[in-house]
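What follows is a short report on a single structure.
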Amino acid sequence: MIGMAGMNEWMVAALALLAGLVPCGVVCLRGGPVDRLVGLELAGTVDTLVLLLLAQAYDRAIYFDLALALALLSFAGGLVFARFLERWI
Amino acid sequence: MARRVGFWIAWYVPLVILWLAFVDTFAVAEVVLGLVAAAVAATAAEVVRSQDLFRSRFELRWLRDLHRLPWQVLRDCWLLAAALWRHCTGRPVRGVFRVVPFPSDADDARTAGRRALVTALLSATPNTLVVGVEGGEGEMLVHQLVPDPGSPVPPSMLADGGDRDGRDE
Amino acid sequence: MSLRELAVSALLVLGVVVTLFSCLGVLVMRDAYDRLHYTTPAAVVAPVAIAAAVVLEERLSAAGVKAVLVAVVLAVTNPVLGHATARAARIRQFGEWTVREEEREGGSPP
């Protein structure tokens, strides 16, 4: 069986972190534009940590690459949004 | 030209090593793909660097107070937790903007590097966010959640020693 | 439970607690600048704890090295992103980010 992971502590930690996405979503729904950007940035960070934990839960080294890609891309995306929020949005 | 090749190689070798560390295998296809991908990335990096958009010099002695950073981060996390508790139990917390002295009147590459380093390191501590450094006035605008008296800048980064003839290196 | 397993669990708990604390802070604070402050613990403290747990479990294999790399990327990019967002918010609010007269004497609310 490929990739069957039981309920180990890494999985529990990833599930606990997923609950943290709800406050980020609430902030993205309400509040001004910059508040929404802050919620997005934190959601990106939480997602990266969730991917880290899931990679270890499934015990496949290659899943860590997803976390790295998300970390780098959410950084670049956040910078682009911040730049546009200065004057143009 | 030799300088550009030197920079290209300085990018290329760590990128190849990073690729090999990530794929964790020495299969021929992977290695060849890694060499090609690293060459593309090194070329892109060298093209951007040669545009000379931002010159900065870096001095190791600015990092002398770096060992204080982890403790400052932990201490600031405690400050943030206390502020969150105060905010939730009825005493709202508001951050303030503060002006902190930061001598940086020379407009050369070394000062630019020092400004960038201070911005990155200070913003890593949760309580302080650097908004900007105004070179002409020698001051730095920071935002602090819990007003912390004194200057958050590490002393080793305040000094602007060395030769100050303003020559751009 | 061996000492190593205990340490791994403790680090995981620390990472999760710090991240959830950051999420709560971002939700509860009222001002964008204050919310920004609370993104930092989740990006600086929590990845270090979780990467340390991975390294304890896997030693410095491919997984351990990659986890450390992710933690480094998160810890380095978050301050830059916070600085950029704070500056963008200030430019949006005032037209430019430079120091205003009333902020020179002591601290003033944004």
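Over chain C, calculate the relative contact order: mean separation of alpha carbon pairs under 8 Å at least 6 apart, over the residue count, as a percent.
Reported relative contact order: 24 percent.
Between B:V130, B:V142, B:V40, where does the largest GNM mean-square fluctuation fall for chain B, given springs only between Cα atoms within less than 10 Å?
B:V40
How large is ³J(HN,Hα), in whole Hz, for each residue of the range B:6-17 in order, when computed from phi with the Karplus curve 6.51 cos²θ - 1.76 cosθ + 1.60 and θ = phi - 60°, using x for Gly and Pro?
Ordered by residue, 3J(HN,Hα) equals x, 5, 4, 5, 4, 7, 5, 5, x, 5, 5, 4 Hz.
Using the Karplus equation 6.51 cos²θ - 1.76 cosθ + 1.60 (θ = phi - 60°), what ³J(HN,Hα) coupling, rounded to whole Hz, does each residue of the range B:114-130 give in order, writing x for Gly and Pro?
5, 4, 5, 5, 5, 4, 5, 6, 5, 5, 6, 7, x, 7, 10, 10, 7
Using packing as a proxy for protection, rank C:47-54, B:57-64 so that the peptide with the highest average count of other Cβ atoms within 10 Å comes first.
Most protected by this proxy first, the peptides run C:47-54, B:57-64.
Nearest 10 degrees is fine. How inclined is helix C:39-58 to the longest principal axis of chain C, computing both from alpha carbons?
10 degrees
Report, in deg cm²/dmol and to the nearest 500, the calculated mean residue ellipticity at 222 nm for chain C, where each DSSP H run with n ≥ 4 adds -39500 (n - 2.57) and the sum is divided by the residue count.
-27000 deg cm²/dmol
Give the Kirkwood hydrodynamic radius (Å, one decimal) of chain B, defined as one over the mean of 1/r across all pairs of different Cα atoms.
By the Kirkwood definition, the hydrodynamic radius is 19.4 Å.
Would you pull out the residues with amide H under 5 Å of B:E139's amide H, same chain only if 5 or more places away, H placed 1.01 Å from N?
Amide H to amide H, under 5 Å and 5 or more residues apart or across chains, B:E139 pairs with B:F102, B:E134.
Within 10 Å of each Cβ in peptide C:90-99, how many partner chain Cβ atoms are there on average? Round it to a whole number, please.
5
Report, as an integer, the average count of C-beta atoms from other chains found within 10 Å of each Cβ along B:119-128.
Mean shielding count: 6.
For the range A:60-73, what does the Karplus curve 6.51 cos²θ - 1.76 cosθ + 1.60, with θ = phi - 60°, yield as ³J(HN,Hα) per residue in whole Hz, taken in order and with x for Gly and Pro?
10, 5, 6, 5, 5, 4, 4, 4, 5, 4, 5, 4, 5, 6
Hey, can you rank B:82-89, B:22-29, A:51-58 by average C-beta count inside 10 Å, highest first?
The most tightly packed comes first, giving A:51-58, B:82-89, B:22-29.
Measure out, as a whole number of angstrom, how far apart the alpha-carbon centroids of the range C:31-110 and the range B:109-123 sit.
One Cα centre to the other: 15 Å.
Take every residue in peptide C:13-21, count the Cβ atoms of other chains within 10 Å of its Cβ, and give the average of those counts.
Counting other chains' Cβ atoms within 10 Å and averaging over C:13-21 gives 5.
So how tilted is helix B:69-88 from the main axis of chain B? Cα-based, degrees 0 to 90, rounded to 10.
Computed tilt is about 50 degrees.
None of the figures in this text is laboratory data; all of them are computed from the coordinates on show. Bear in mind that the values here come from a model prediction, so they are computed numbers and not experimental data. Neighbour counts are summed over all protein chains in view; Cβ atoms, including those assigned to glycine, are modelled from backbone coordinates with ideal geometry.
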